[in-house]
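Worksheet for the structure shown next.
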Amino acid sequence: MNRIKTIAEVQSSDETPEILFWVGCAGTFDPRAQRVSKAFAGVMQAAGIKFAILGEEEKCTGDPARRAGNEFLFQMLALQNIQTLNQYQIKKIVTTCPHCFNTLKNEYPALGGNYEVVHHTVFIHELIKNGKIKISDHLSEEVTYHDSCYIGRINGIYEVPREVLKSLNIAVKEMNRAKSNGLCCGAGGAQMFKEDEPGFKRINEERVEEAIQTGVKKIVSNCPYCLTMLTDGVKAKEKQHEVMVYDLAELILDQNIQ
């Protein structure tokens, strides 16, 4: 994979990127999510997409702060990001994180940040539909798909990720709770960052139980939080040598992209 340039580098060389890839905190600092960032960047490079990142100029969107009730910190971070994005005249943003996607798309406009924001699953679907990437080595296997809350219930994107999997000749075996009735991975309510209350079953373990009951060997999602929680749930069930958790972009990159 070629080195990814920052938007500052691109503009100084008079190049015009088609999109800005918003990497996000998890995609930058978490080792597992870093692999997803690299996979999605590899997909875009294979498709010939001109893109750039903010690099060190990218700050947290402020989503965790707002969810935790610190509105002042959220607005401070958001306004700093908006100032940076507007300075570079950014029009279209693609991100691999549903939380970043929701915040940039639905909450930044109230503060003056108006952009076309696309989640990477939708972007990949567009690339396949428009013939910019062609998959020649189909997997022909079964997986189960976990709908992350901020892509599913919050933004109503259910069918597009499944259509991408179908284009790979991958059959989706749905869990008992799926789509609008799907179960959270367990990261919601700040459970990602703290221990569960005593006496309650861990939500991620319950979700993984549902996935294992489908009989598949791969769980697919599209969120760094979900990847962590589901992977931990698989380990808790001592199934890490039997069941793997993937982001959709990783399945795409694993194929022979033409």
Margin query: Could you work out what % of the accessible surface of region 213-258 is carbon and sulfur, using a 1.4 angstrom probe and leaving DNA, RNA and ligands out of the count?
Written below: 45 percent
Margin query: I'd like the Karplus ³J(HN,Hα) series for region 162-168: coefficients 6.51, -1.76, 1.60, θ = phi - 60°, whole numbers in Hz, and an x wherever there's a Gly or Pro.
Written below: 5, 5, 5, 4, 4, 5, 8
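Among the trypsin sites (Lys or Arg not before Pro) within region 14-59, which fall in a DSSP loop and have no more than 14 other Cβ atoms within 10 Å of their own Cβ? Walk me through the numbers before you get to the answer.
Working: sites: 32, 35, 38, 50, 59; in loops: 50, 59.
Within region 14-59, the qualifying trypsin sites (Lys or Arg not before Pro) (loop, at most 14 other Cβ atoms within 10 Å) are 50, 59.
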Note to self: Loop only by DSSP, 10 or fewer other Cβ within 10 Å of the Cβ. Give me the chymotrypsin sites (Phe, Trp or Tyr not before Pro) in region 191-231 that pass, ordered by residue number.
What the structure shows: 200
Margin query: Given the DSSP H assignment, sum -39500 (n - 2.57) over each helix run of at least 4 residues in the chain and divide by its residue total; what's the result at 222 nm in deg cm²/dmol, nearest 500?
Written below: -11500 deg cm²/dmol
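Counting only heavy atoms of the protein chains, get the accessible area per residue of the chain (1.4 Å probe) and round it to a whole Å² value.
48 Å²
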Check: At what distance in nm do the modelled label points of residue 29 and residue 45 sit from each other, each positioned 7 Å from its Cα along Cα→Cβ?
Finding: 2.6 nm
Item checked: Candidate values (i) 16.8, 48; (ii) 18.2, 59; (iii) 20.7, 66, label of the one derived for Rg and Dmax of the Cα atoms in Å -> (ii)
Item checked: Along the chain, longest interval not containing exposed GluC sites (Glu not before Pro), exposed being DSSP loop plus at most 12 other Cβ atoms within 10 Å -> 16-194
Check: Taking θ as phi - 60°, what are the ³J(HN,Hα) couplings along region 234-249 by the Karplus curve (6.51, -1.76, 1.60), each to the nearest whole Hz, with x for Gly and Pro?
Finding: 4, 5, 5, 8, 6, 10, 5, 8, 10, 10, 10, 10, 10, 8, 4, 5
Checklist line | Percent antiparallel among DSSP beta bridges (both partners in the chain, rounded to 5) | finding: 5 percent
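The values are calculated or read from the model by the stated rules, or taken from the named source; none is laboratory data. Since we're looking at a predicted model, the values are computed, not measured. Virtual Cβ from ideal backbone geometry, glycine too; neighbours counted across all protein chains shown. Note: areas computed on protein heavy atoms with side chains; ligands, DNA, RNA excluded. Shrake-Rupley method; radii C 1.70, N 1.55, O 1.52, S 1.80 Å.
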